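Here is the structure we will look at, set down as structure tokens.
Read-outs: derived from the displayed coordinates by stated rules, not from any lab. Only a predicted model underlies this, so the values are computations on that prediction, with no experimental measurement involved. Cβ coordinates were reconstructed from backbone atoms using ideal geometry, including for glycine residues, and neighbour counts include every protein chain displayed.
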Amino acid sequence: MEAPIVKEQTYFLSSTSQERFFVKSYLPSSGKPKGILQILYGMAEHHGRYHELALFLAESGYGVFINDHPGHGQTAGNLERLGFIPDSRGWEIMLENARTLYTHIKKNQPEVPVFLLGHSMGSILARHFIAVYPVYIQGLVLSGTFEMPGGLLKALGLVVRTQKLFYGPNKVSKWFNKIFFLSFNRHFKPRPTPFEWISSSREEVDEYARDPYCGFDCSVAFYNNLAKGITAMKKAHHNLKYRKTLPLLIMGGQDDPVGHFGKDAMKIHREFYKQRFQNLKVKIFRGRHEMFHETEKEKVFMYLLEWMNEHLHTR
């Protein structure tokens, strides 16, 4: 029997807030990885959705580490806890978990460069992460990212506070889920599921719709933290003190309604350019919100791999 090419492990870590969170790692069985990718995924999904990407990268010589956020996947613990996070410090706990995992990676692989990938909500976390933690990231990848104008963000905060006042933080907010999910879905026909916006692949959308750990309704507290997190990230990025040679790849889908069909990727590129970041790349793929689950996902995998290889030793 042949030895596996990839070594997979699952475990729990505890952050500084004493919150336990689930981690899965993928490492090449042949030896030390040439680089590591830490993944921060998006809202209402889980670590398992990145299994195929992680295997591809591990088979190509990279390690991959991914954790489940509070209220998500195995960190939530059961289906009844999906979408629920602490109202007072939910976003901060997500950031602390990301930092704890990064520290864990560097403790065990101190000489291996670490790339950070944030998808959708995770891209906001990733941008906030580099703004508040003085750690060395080899390269930053923002996937399915989006820009929320100040007026819309204030309106979101007002509605969240109103719902919190009337229903409390632990009320599941179906109203918000309609706004977030169904407004994206209206751009596509036919619409056999509420999730046509994530991918043009029928198989991928149906798998997402069948997965009880995906597309779940979130609590008022979750949306409260999301609004506060986006606001805090924007404030931190007004004067981002991070090395200007940081390699940055912004990936978007030309048919992604979350990112306004590729426009937000270009806006965010301009924001980094204005702050004199020197190593910027934007790639708009054919597809919707989740390029890693698109019909041409193999091309996306390869593009990411080649970009990481190119910047493995960039200082």
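Values computed for the structure shown
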item	result
Where labels lie 7 Å past Cα in the beta-carbon direction, separation of Arg243 and Leu312 in nm	1.8
For the chain, size of Cβ-based charge dipole, Lys and Arg +1, Asp and Glu -1, in debye	1420
Relative packing of 261-268, 92-99, which averages over residues the other C-beta atoms within 10 Å, highest first	92-99, 261-268
Two-site label geometry, Leu79 and Leu13: point separation in nm, points 7 Å out along Cα→Cβ	3.0
Protection proxy ranking, peptides 182-191, 20-29, 112-121, 130-139, average beta carbon neighbours within 10 Å, highest first	112-121, 20-29, 130-139, 182-191
Backbone N within segment 217-242 under 11 Å of label point (7 Å from Leu153 Cα along the Cβ vector)	227-238
Environment charge at Lys263 (Cβ cut-off 14 Å; Lys +1, Arg +1, Asp -1, Glu -1)	-3
Between segment 127-165 and segment 202-252, the Cα center-to-center distance that results, in Å	7
Rounded FRET efficiency, nearest 0.05, which uses the C-beta distance separating Lys32 from Gln254 and R0 of 45 Å	0.75
Karplus 3J(HN,Hα) series, Hz, for segment 116-122 with 6.51 cos²θ - 1.76 cosθ + 1.60 (x for Gly, Pro)	10, 10, x, 10, 6, 4, x
Cα→Cβ-extended label distance, 7 Å offset, between Tyr273 and Arg99, nm	3.3
